[in-house]
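The values are calculated or read from the model by the stated rules, or taken from the named source; none is laboratory data. Remember, predicted model here, so these are calculated numbers, not experimental data. Because the Cβ atoms are built from the backbone with ideal geometry, glycine has one as well, and the counts that use them run over all protein chains shown. SASA here: full protein model, heavy atoms, side chains in, ligands and nucleic acids out. Shrake-Rupley method; radii C 1.70, N 1.55, O 1.52, S 1.80 Å.
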Amino acid sequence: MVVSFAILTGCSNDPVKNDSSLQDDNNQIRNDMQTNVYFDRVAELGFDTKLMEDNGELVIVEGDIAFKKTDLGIGSKLGKTMQRKVSSLISTSNTNNIRLMVHSSMSGWNSVISSAVSAWNTSPYSTIHIDIVTSSPELTIYSDSATACPSGFQNLASNTCGLGAYSWNDNVGTTISINLDAPYFPTDAQKIYFITQEIGHTLGLAHTNETDGDFIGTTLWTDNNSLMLGGDCGSSKTLSSYDKKALSCLYPLPWGSSFVRYWNPTDCDHFYTAGISEIGYGAYGYTFESIEGVTFLTPYSYSTTPLYRFYHSGITDHFYTTDYNEGINAGYTYEGVVGYVSTSSHTNYVPLYQHWNANGGDHFYTTNPTEGGGDWVYEKIACYLFKAF
Ligand SMILES: [Zn+2]
């Protein structure tokens, strides 16, 4: 640009003008870089870069969808406050039964550690499930002054609140040490905050406000609410919605199907099936009523028991049980496995209550404990379904 400009205008331009043109070129390059950054950010939200135009204050996509550049959180925050991960994540099969032990040197923290564990366990759409155990741990939380605390994690500097080992070799990080001398934990909320962040590191989550680690796609560019912001000892933040989303991106649930409920008043029959592909939102006199929970297509976590579907044409009744012989012995015809469910109660699972209507000949199942009554008499918990979010 500068060269052709010089040729076209000859030698009549003074050096100042040339300098100013050069300045313009640099500004243009800078603008182009900025534009690309904005386009890249919008592309992360699922849009095609080819369909974007820069309109000064806005990025316009597909002609009529506008993003305010100031909302995209780019500028001084470039490369910061993004959900990030390390590359050595936990392998999927090791995510749902992580064994965490609280070392005796931390026994005063039992209840706050249990709250921090619960924060991750209840983060939706993720396979992460941590159990607090008293032997054979994969991850142990120590006081840094305990002699049992591994070297490197011991006797932390007074300005270090604690350390958490990253996930490694397909497994959760093995060690968290807490500097009990640090003046950062006067309240339970601050203790829970810090333990939650250190557990986050052991699960493979890096700091959102540093540039190391890889960006976790589909999470927010700027998340000042992130509990994974580093260098914030003494905070009492809880997991942000994007912290939770980041976890579900790293460790997503396997394929499950909604356990869908239908009702046919003519035949007095409740019918349930996995997903809506079988009869959509209604057919054959059945109308869609609700989604009661989730069944898995393959055994997963605590959902390892098949839920069998049976039918009795004499009384037009669908019957669901985890005991195959129960259906056969009751004179029902076996129709197939709906999906995999749990036979015991766990975090994120809900009981599926079974009711029986002897007058209409109808089995009714619901995860809502306030339903039933009238002709429908409560019988038992048929199984536990993964909770629908
Ligand atoms: Zn940290």
* Verdict on SER88 being among the hydroxyl-bearing types (Ser, Thr, Tyr), out of contact with any Cys (no Cβ under 7 Å at 6 or more places or on another chain), open to solvent by less than 40 Å² (accessible area, probe 1.4 Å) and over 16 Å from SER177 (Cα atoms) -> yes
* Asked: Which one of TYR332, TYR308 is buried (at least 21 other Cβ atoms within 10 Å of the Cβ) and either under 16 Å from ALA274 (Cα atoms) or within 30 Å of the chain's Cα centre (by Cα) (or both)?
  -> TYR308
* Structure fact -> Of those in region 168-186 that are of a type in the set (Ser, Thr, Tyr) and modelled with pLDDT of 95 or more, the residue farthest from the ligand (Cβ to nearest atom) is THR174
* Structure fact -> Looking across region 269-296 at residues that are of a type in the set (Val, Ile, Thr) and over 20 Å from ASP362 (Cα atoms), the single one that is least open to solvent (accessible area, probe 1.4 Å) is THR295
* Quick one: would you say CYS149 is over 24 Å from the mean Cα position of the chain (by Cα) and away from the ligand (no atom under 16 Å from the Cβ)? -> yes
* Of the residues that make up region 352-361, is at least one in contact (Cβ under 8 Å) with a residue 24 or more places away in the chain and over 16 Å from ASP269 (Cβ atoms)? -> yes
* Could you identify the single residue in SER88, SER136, SER114 that is touching a strand residue (DSSP E or B) at 6+ places or on another chain (Cβ under 8 Å), at pLDDT 85 or above, on the phi > 0 side of the Ramachandran plot and not in a strand (DSSP E or B)? => SER136
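Here's the yes/no breakdown for (1) at pLDDT below 80; (2) over 30 Å from LEU253 (Cβ atoms); (3) of a type in the set (D, E, K, R):
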| residue | (1), (2), (3) |
| --- | --- |
| PHE5 | yes, yes, no |
| THR9 | yes, yes, no |
| PHE39 | yes, yes, no |
| LEU45 | yes, no, no |
| ASP54 | yes, yes, yes |
| THR81 | yes, no, no |
| THR95 | no, no, no |
* Asked: Here are some residues: ALA148, ALA119. Which one is in contact (Cβ under 8 Å) with a residue 24 or more places away in the chain, hydrophobic (A, V, I, L, M, F, W, C), assigned to a helix (DSSP H, G or I) and open to solvent by 20 Å² or more (accessible area, probe 1.4 Å)?
  -> ALA119
* Can you pull out the residues in region 122-133 that are assigned to a strand (DSSP E or B) and either open to solvent by 60 Å² or more (accessible area, probe 1.4 Å) or not β-branched (Val, Ile, Thr) (or both)? -> SER126, ASP131, ILE132
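Of all residues in region 151-168, which are surrounded by fewer than 18 Cβ atoms within 10 Å (Cβ to Cβ) and within 17 Å of ILE195 (Cα to Cα)? If you could, list the steps in order and put the result at the bottom.
Start the filter on region 151-168 by keeping residues that are surrounded by fewer than 18 Cβ atoms within 10 Å (Cβ to Cβ), which leaves 151-152, 154-155, 157-160, 168.
Answer for region 151-168, where residues must be surrounded by fewer than 18 Cβ atoms within 10 Å (Cβ to Cβ) and within 17 Å of ILE195 (Cα to Cα): GLN154, ASN159, THR160.
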* Output the qualifying pairs, or none if there are none: Cβ atoms under 6 angstrom, residues six or more apart or on different chains, first residue in region 267-285 and on the phi > 0 side of the Ramachandran plot, second residue of a type in the set (D, E, K, R). => CYS268/ASP362
